[in-house]
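Visitor: Below is the structure I would like to discuss, written out as structure tokens.
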Amino acid sequence: MPQDSLYVNPLAGLQPIDELIIDAPVSASYRPTTAYHVLRSLPADATPAQQDSAVQAWLGEVSIRYSEMPETLHLPGHEPGKSLLEVNIPQYYRETFFSNDTMFHAEIENTPVGVIGAPIPYTIRGDNMFTGLLLLCFMVLVVSLSQARHFIVRQLRNFFFLQHNDDNISETSTELRIQLFLVALTSLLMAISCYQFTTDFVAQTFVLDNDYQLVGLFFGVFLAYFVLKYALYAMVGAVFFSSKQNMLWMKQQLFITSIQGVLLFPIVALLIYFELSFQKAVFYFVFVFILTKFLTIYKCWSIFFRQNGVFLQIFLYFCALEIVPLLGLAGGLWGLIEQLKINF
């Protein structure tokens, strides 16, 4: 049988390795010296256990001998480096550039490196609470307008119709609740706009603990303004006009305020979330203000003074019950801001 000069199969024809007991070295012309040669001498169907037994039988325990040759990996012209295991090694051999670096030692607390950046200022668009509140108001507004669309269409159709004193528009409890919600929404939108104007042009630090309290105070002021104005209209109207006229006037006032809230919602959303210029927003606010005041004057004339044919009384009535409370609202808000802001 021809044989390879590099390979001899001395275990050919023997029993399996697991049943083989080797008492003495096998007499052969070639003795395997590596595990590779041992595995090559085994049959192809040898199991891993048989392969392991054969390797241990032929090679036994392999002793590891480390090289005693000197270290030659150093720069030419310099002495070989010293081993870190030597006791009398100089300290500068043990210390390196990264020895005291906190990023090199995971067990040491790492402190941030660099210049502290300026903190991001607080904005309403970054506040999850106000975002969720406005989103909830938008959803309720859409649902309310869809449910009361027939009432709104009837109100708009009859708004410019010159009614008689005994005519009245009936309202259900649901329609009344929707209008009250729109009044509260108008107060909230005006409070957010006032807060945005205050933080942009007046001051950014206040004696309050957080900005929620400031917006809540503004909301309470605007809500109290509408309630007091309606109460003032009711007291004055009860003296000079009939109960039917006063009831019709209060319903029209509630409807006008609801329209104001619906018109203010888009501009407030653009001002907060799309960084609309405040100058452009002011023009829109002024337009909505003038529009609602013209509608108020028209309804005041058509309900109270149309049959009398007088014009001077309507201006006195309008100035006493619209302009004076509005000036009081502006003065009260300015005084409140001056008391709450921190002067450096």
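Visitor: Show me the helices (runs of 4 or more DSSP H) entirely contained within the range 26-96 in which 1 or more residues are open to solvent by less than 100 Å² (accessible area, probe 1.4 Å) and modelled with pLDDT of 85 or more.
Guide: 35-41, 48-59
Visitor: Quick test of your reading of the structure: LYS244 fulfils all but one of (1) in a helix (DSSP H, G or I); (2) in contact with a helix residue (DSSP H, G or I) (Cβ under 9 Å, 6 or more places away or on another chain). Name the failing condition by number.
Guide: (2)
Visitor: Quick one: which of LEU208, LEU214, LEU223 is farther than 17 Å from MET250 by Cα and at pLDDT 90 or above?
Guide: Every option except LEU214 fails the conditions.
Visitor: Restricting attention to the range 237-259, does a residue exist that is touching a residue at least 24 places away in the same chain (Cβ under 8 Å) and touching a Cys at 6+ places or on another chain (Cβ under 8 Å)?
Guide: yes
Visitor: To continue, here is another question. Can you tell me which residue among PHE130, PHE159 is aromatic (Phe, Trp, Tyr), open to solvent by less than 40 Å² (accessible area, probe 1.4 Å) and modelled with pLDDT under 85?
Guide: PHE159
Visitor: Here's something else I'd like to know. Of the residues LEU188, LEU182, which single one is at pLDDT 85 or above, under 13 Å from VAL268 (Cβ atoms), part of a helix (DSSP H, G or I) and touching a Gly at 6+ places or on another chain (Cβ under 9 Å)?
Guide: Step by step, each of LEU188, LEU182 is checked, and only LEU188 is at pLDDT 85 or above, under 13 Å from VAL268 (Cβ atoms), part of a helix (DSSP H, G or I) and touching a Gly at 6+ places or on another chain (Cβ under 9 Å).
Visitor: In addition: Using the structure shown, decide if THR174 is of a type outside the set (Phe, Trp, Tyr), farther than 21 Å from LEU270 by Cα and under 23 Å from the mean Cα position of the chain (by Cα).
Guide: Judged against the criteria, THR174 is not a match.
Visitor: For ARG177, which of the numbered conditions (1) open to solvent by 70 Å² or more (accessible area, probe 1.4 Å); (2) closer than 19 Å to ILE272 by Cβ fails to hold?
Guide: In the conditions (1) open to solvent by 70 Å² or more (accessible area, probe 1.4 Å); (2) closer than 19 Å to ILE272 by Cβ, ARG177 misses (2) alone.
Rundown of residues vs (1) more than 23 Å from ARG177 (Cβ to Cβ); (2) under 38 Å from the mean Cα position of the chain (by Cα), yes/no style:
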| position | (1), (2) |
| --- | --- |
| LEU217 | yes, yes |
| LEU223 | no, yes |
| VAL227 | no, yes |
| TRP249 | no, no |
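Visitor: Among the residues of the range 242-259 satisfying the criterion of being open to solvent by 30 Å² or more (accessible area, probe 1.4 Å) and among the polar types (S, T, N, Q), which is farthest from PHE226 (Cα to Cα)?
Guide: Looking at the filtered set, the residue picked out is SER242.
The values are calculated or read from the model by the stated rules, or taken from the named source; none is laboratory data. These numbers come from a predicted model, not from an experiment. Every residue, glycine as well, gets a Cβ built from its backbone with ideal geometry; the counts of neighbours run over all protein chains shown. All accessible areas refer to the heavy atoms of the entire protein, side chains included, with ligands and DNA or RNA removed. Shrake-Rupley method; radii C 1.70, N 1.55, O 1.52, S 1.80 Å.
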